[in-house]
Amino acid sequence: MNERKMAEQILYYAGGAENIVSMTTCTIRLRLVLKDAEKMDVEGIKKVEGISDVIIRQGMHQLVIGLNAGKVLAEIKKLQETIS
């Protein structure tokens, strides 16, 4: 799956761009802090092609994506800019 499509699906299952407070990456994970964690469809996001796991710790949702996590983050930011 390409990073743009993955970014679109992550935004959808995360409850929309307005539900994301902050995003960061490490080598293989995209980390999301959400305004309302209840809006995230965890089971839906686990089905997105390219996401191998979702880990929730201390109010942060970590999406295990792999080495293209930074590219997915960049695509999400582009999408947020077009929405704003």
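The values are calculated or read from the model by the stated rules, or taken from the named source; none is laboratory data. Keep in mind it's a predicted model, so treat the numbers as computed, not measured. Ideal geometry is used to build each Cβ from the backbone, glycine not excepted, and the neighbour counts take in all protein chains shown. The protein model used for the area step is the full one, side chains on, heavy atoms only, and it has no ligands, DNA or RNA in it. Shrake-Rupley method; radii C 1.70, N 1.55, O 1.52, S 1.80 Å.
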Could you tell me whether the stretch 32-40 includes any residue that is outside any helix (DSSP H, G or I), in contact (Cβ under 8 Å) with a residue 24 or more places away in the chain and β-branched (Val, Ile, Thr)?
yes
In the stretch 6-16, what count of residues is obtained for those that are in contact (Cβ under 8 Å) with a residue 40 or more places away in the chain and open to solvent by 20 Å² or more (accessible area, probe 1.4 Å)?
1
The stretch 35-53, subset of a type in the set (A, V, I, L, M) and open to solvent by 20 Å² or more (accessible area, probe 1.4 Å), residue farthest from ALA69 (Cα to Cα):
ALA37
